[in-house]
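One structure below.
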Amino acid sequence: MQLIPIIQPTELINLNSNDFVLIDASAGSKTRYVENHLEGALYIDLNTDLADINDFAVGGRHPLPTFEQFASVLKRFGIDKTSHVIIYDDKNSSNAAARFWWMLKAIGHEKVQVLNGGFNAAIKAGFPTTSKVEEPKIADNYKITNWVLPLANINEVEIASKTKNQTIVDVRDANRFSGLTEPIDLIAGHIPNAINIPFTENLDEKGFFLAPSILKEKYAKTLFDAKSATIIVHCGSGVTACHMLLAMDYAGLEIPKLYVGSWSEWSRNNKEMVLAEK
């Protein structure tokens, strides 16, 4: 039976710790992890473990690693094809937790879940914390041959932006989409003909995912009759876009295409852009 992609804090507490691999994917929070993390958790780094960062103009700020690199990471973390992997971060799963979830799903890994509410929700539910640096279990080599979830590259996105043959979804916040602010990349704006569905709309006021039925209704309204094969989702660098893909999977919808390079790649390649009016 396929696992629901979201696991609740109380469900995590009731699991036997020997039956799963717990991953802390809180980007930029290694110092906090060393001081305090969920008991049994291993820290995975967005920049060095979940991306192969080189030239931002080629693949964006967080391009996918090679299959060999990713397989090496999984082995180092004690993850093989049978592992039940549970991932959390300290940004309500909008950070690298969703990205790592997508990457595992994209290589065909079946038993992977993201912790609803993340680090703080687990603590509030009574999950124990520690400063002990955990040691991963020994795992077999993880053979990876392809990404089984759909991807879109910059050329496909450019065609879609001109022909509107596919729906381009930008999950960044409204101010970044509108070009009013840009805290990370060099240029503020968005891809022509993209629509804005901020990933934060997947969460309630407490930082938990909305119920699957609500998410399903929400995307039925915002994406109208678009089929998953004609939807391209992106963000700044292919990380928070995975939050929307996770939410759609949680809602029982098919996972659409991910444009990993996202705005960080698009804005560095002299492509047409919609900028804020001065």
**Request:** Quick one: PHE127 ticks every box in (1) assigned to a loop (DSSP other than H, G, I, E, B); (2) exposed (fewer than 14 other Cβ atoms within 10 Å of the Cβ) except a single one, so which number is it?
**Result:** (2)
**Asked** Going by the conditions given, is THR230 of a type in the set (S, T, N, Q) and touching a strand residue (DSSP E or B) at 6+ places or on another chain (Cβ under 8 Å)?
**Response** yes
**Every pair of residues 6+ apart whose Cβ atoms lie under 6 Å, when the first sits in segment 144-170 and is within 16 Å of THR66 (Cα to Cα) while the second is exposed (fewer than 14 other Cβ atoms within 10 Å of the Cβ) and at pLDDT 95 or above** = VAL148/GLY108
**Odd one out for ALA139, checked against (1) modelled with pLDDT of 95 or more; (2) buried (at least 16 other Cβ atoms within 10 Å of the Cβ)** = (1)
**Asked** Any residue in segment 168-183 that is closer than 18 Å to ALA229 by Cβ, assigned by TED's automatic domain parsing to the domain that holds LEU223 and not in a helix (DSSP H, G or I)?
**Response** yes
**Which numbered condition SER94 fails, given (1) modelled with pLDDT under 95; (2) surrounded by fewer than 23 Cβ atoms within 10 Å (Cβ to Cβ)** = (2)
**Prompt:** Can we say PRO5 is in contact with a Leu (Cβ under 8 Å, 6 or more places away or on another chain) and under 24 Å from ALA247 (Cβ atoms)?
**Reply:** yes
**Flag for ASP52 being closer than 21 Å to TYR259 by Cα, modelled with pLDDT of 95 or more and among the acidic types (Asp, Glu)** = yes
**Request:** Among what's in segment 1-53 and is in a strand (DSSP E or B) and within 23 Å of PRO212 (Cα to Cα), pick the residue that is farthest from the chain's Cα centre (by Cα).
**Result:** ILE7
**Asked** Do you know which residues across segment 9-34 are at pLDDT 95 or above and closer than 15 Å to GLU134 by Cα?
**Response** PHE20, VAL21, LEU22, ILE23, ASP24, ALA25
**Among residues of segment 171-191, those that are crowded, with 17+ Cβ neighbours inside 10 Å and without any contact (Cβ under 8 Å) to a residue 24 or more places away in the chain, counted** = 2
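The values are calculated or read from the model by the stated rules, or taken from the named source; none is laboratory data. Note that the structure is predicted; figures quoted are calculated from it, not measured. Cβ sites come from the backbone with ideal geometry, for glycine too, and all protein chains shown count toward neighbours.
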